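Taking it in order: structure first as structure tokens, then the write-up.
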Amino acid sequence: MNSERIKIKASFIGSGLRLDQLPKPDRCEIALIGRSNVGKSSLINRLVDHKGLAKSSAQPGKTRLINHFSVDIQGVPPLYLVDLPGYGYAKASQKDIEAWNNMMRNYLRKRSNLICVMQLLDSRLTPQKIDLDFANQLGEWAVPFVMVFTKTDKGSMLQAHQNAEAYGKAMLSTWETLPTTFMTSAEDGRGRHEILDFLRECSKNYQGKPIKS
């Protein structure tokens, strides 16, 4: 199905800090995470064609809630997209970092309907240790994930692909196979069709169990 013609409805459901504050886990759920300023909110808004649905914090690193959005893509059951608090903000206090770690550990390991995490990475940057460490943590926890390179409109596509390849090479030192990757831009819509197709497949095939990365 041509994703240009797919009808999409999206709405904000709510925010929470703990699992018992989140929506009932009754549908396929896919979460987005990355370093602060990587563009999670912008990508969500572009995917669902709803400017302003996901709000960006005026102060990077201040958002500390798990934000749920209901997304209804034509032809498949509704799903949840989840905007997770960013990691790696330099000015976060040790107390905030510990709280974030506890919240993410509980969510990523215990949220029963979470089938995949989309780890967002700035395509303008060479591999960052904090991103590689987080990918390895997802692997240790057996959480399926894909890698989404953002802001490809901000530089050359050649450089973006070279940085993506560098991530792959760095990961192969500890990984036998690499996760699926997407090249995206919230500005010009690059990668939107591919991710929407991915979301549709996730929702269509959801049977209450995680997919394989």
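Just a few scattered comments:
- Residue list for segment 100-126, filter: within 18 Å of the chain's Cα centre (by Cα) and part of a loop (DSSP other than H, G, I, E, B): R111, S112, N113, S123, R124, L125
- Qualifying residue in segment 29-48 (condition: surrounded by fewer than 16 Cβ atoms within 10 Å (Cβ to Cβ) and either under 17 Å from the mean Cα position of the chain (by Cα) or of a type in the set (D, E) (or both)): no
- Any hit, segment 109-120, residues being under 14 Å from N37 (Cα atoms) and surrounded by 12 or more Cβ atoms within 10 Å (Cβ to Cβ): yes
- Output for segment 159-185, where each listed residue is surrounded by 19 or more Cβ atoms within 10 Å (Cβ to Cβ), assigned to a loop (DSSP other than H, G, I, E, B) and of a type in the set (S, T, Y): T184, S185
- Some residue of segment 137-158 being part of a helix (DSSP H, G or I) and in contact with a strand residue (DSSP E or B) (Cβ under 7 Å, 6 or more places away or on another chain): yes
- Test set (1) more than 17 Å from the chain's Cα centre (by Cα); (2) more than 21 Å from I195 (Cβ to Cβ) - N163 fails condition number: (2)
- Residue in segment 77-99 that is surrounded by 19 or more Cβ atoms within 10 Å (Cβ to Cβ) and in a helix (DSSP H, G or I) present: no
Each value in this text was obtained by applying a stated rule to the coordinates, not by laboratory testing. All values reported here derive from a predicted model rather than from experimental measurement. So basically every Cβ, Gly included, is an ideal-geometry build from the backbone, and we count neighbours across all protein chains shown.
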